[in-house]
Amino acid sequence: MMFSRLRLSALFFAPLILSACGPSDEAVVEKAAAELKKDGAQKAAPAESNGAAPTGLLAATGLAAKDERAEIILLLPDTRIPLQEFQRNGLSMLVGRQAGYQLTTQDAAGSSAQQMEQFRQAIAAKPAAIFISPIDPPAVAALIVEAKTHGITVIGLDKRMLNEGCASIVYCDQKHVGRMAADTVIEALKRKAAEEKRSDVTGRVVQLRGTADSFAANELAEGFSEGLKTQPGVILVHDAPADWSTENATKRTAEAFALQKNFDAVFAHNDAMASGAAKAAETAGQRENVFILGTDGLSGQKRGLELVRVGELDATVVQPALVDLALQIVMRVRTDKTFKPQPFYEIEPVVILPKNVEQSIRVGTYNLPKL
């Protein structure tokens, strides 16, 4: 039942993917985006005001005559969730490095009604662009159309927005993330079976969801369930919401130990919850027997990549930030009048294991598609 050699070696799939280089007029933001992925989200100081005659990007955007700043407004569902906090801070860093641009972020705190009101206020501010990760996509469809009539570029950060009138969609498929997590668990259980000289692959698995009513959590769970079904001997024995919280995940995992007595793997819907599961497993004296993985794969202290590096987690599935490509699209639209973005851009998640985590921390993880 020991996973110690499996956890240390972790020789299965998921090759490292590096940041791509894009067209020359996107080189600055691509470089900053690569640094975002390498160094983690950081809060940037506001971009310096441009009192002298504007040049370069500012002039190219047509803002030179009035020396005005182009505002980008980011509408997020709930920045208490680590990935959304990362998006906010990361985009702040990227926008802060672009002369002539400024960022405003709104947090809906989980309320669709509040997000709709924030969207109305954003339209009234007449920004260059609005990025939105929607709570209820159909509810904001009319507002997207209204923004478009005011010449505002709206970029959706959710695949559900494909038919809602956005200039483009940037997304990572959550079902795919869940399936990759299931594949990672199955590969771990295959190695365990080989170590024990068994031909059958079996395992008892626990899942810690974000929240019961979250679209992303439900997509992750569906993809994970689909992936586990490829191995009939691998079964989900416990499934509980932990509200994206480390503390709640520790409690839910302790409950799973009390009810199930033993299990072989835990999949948590973010790395914070995976860390809580690891703490509960350690307390139960079962850490070396349980393969634990999360998702998000954020860089920074006590976040996913670092937790894998120090061995607190066995794996994580990187969730692309999305806002880095969204910013590239807006800058390209504003500087190249012949450019028309594709209806959508899907960014692939990446599995991070002990074997590739050091390089991922140094040079980045996922690959941005070409515009």
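The values are calculated or read from the model by the stated rules, or taken from the named source; none is laboratory data. Bear in mind the structure is a predicted one, so any value in this text is a computation, not a measurement. Note: ideal-geometry Cβ built from the backbone for every residue, glycine included; neighbour counts use all protein chains shown.
Data for the structure
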read-out	value
Candidate set: the stretch 308-340, residues that are buried (at least 24 other Cβ atoms within 10 Å of the Cβ) and without any contact (Cβ under 8 Å) to a residue 60 or more places away in the chain; chosen: the one nearest to Val154 (Cα to Cα)	Val318
Tally of residues being touching a Phe, Trp or Tyr at 6+ places or on another chain (Cβ under 7 Å) and among the polar types (S, T, N, Q) across the stretch 304-325	0
Selection count where residues are out of contact with any Pro (no Cβ under 7 Å at 6 or more places or on another chain) and either outside any loop (DSSP other than H, G, I, E, B) or in the same structural domain as Ile81 (by TED's automatic domain parsing) (or both), scope the stretch 199-234	21
Residue check, Pro127 assigned to a loop (DSSP other than H, G, I, E, B), over 30 Å from Val351 (Cβ atoms) and either touching a residue at least 24 places away in the same chain (Cβ under 8 Å) or assigned by TED's automatic domain parsing to the domain that holds Val333 (or both)	yes
First in the stretch 139-164 and free of Cβ contacts under 8 Å to residues at least 24 places away in the same chain, second anywhere and in a loop (DSSP other than H, G, I, E, B), Cβ under 7 Å, 6 or more apart	Ile144/Glu164; Ile144/Gly165; Ile144/Cys166; Val145/Gly165; Lys148/Gly165
Residue in the stretch 138-159 that is closer than 22 Å to Leu368 by Cβ, assigned by TED's automatic domain parsing to the domain that holds Ser92 and part of a helix (DSSP H, G or I) present	yes
Test result for Gly178, at pLDDT below 95, of a type outside the set (Lys, Arg) and either within 22 Å of Lys337 (Cβ to Cβ) or crowded, with 24+ Cβ neighbours inside 10 Å (or both)	no
Val237 more than 30 Å from Asp136 (Cα to Cα), in a strand (DSSP E or B) and in contact with a Lys or Arg (Cβ under 6 Å, 6 or more places away or on another chain)	yes
Selection status of Pro232, of a type outside the set (A, V, I, L, M, F, W, C) and surrounded by fewer than 16 Cβ atoms within 10 Å (Cβ to Cβ)	yes
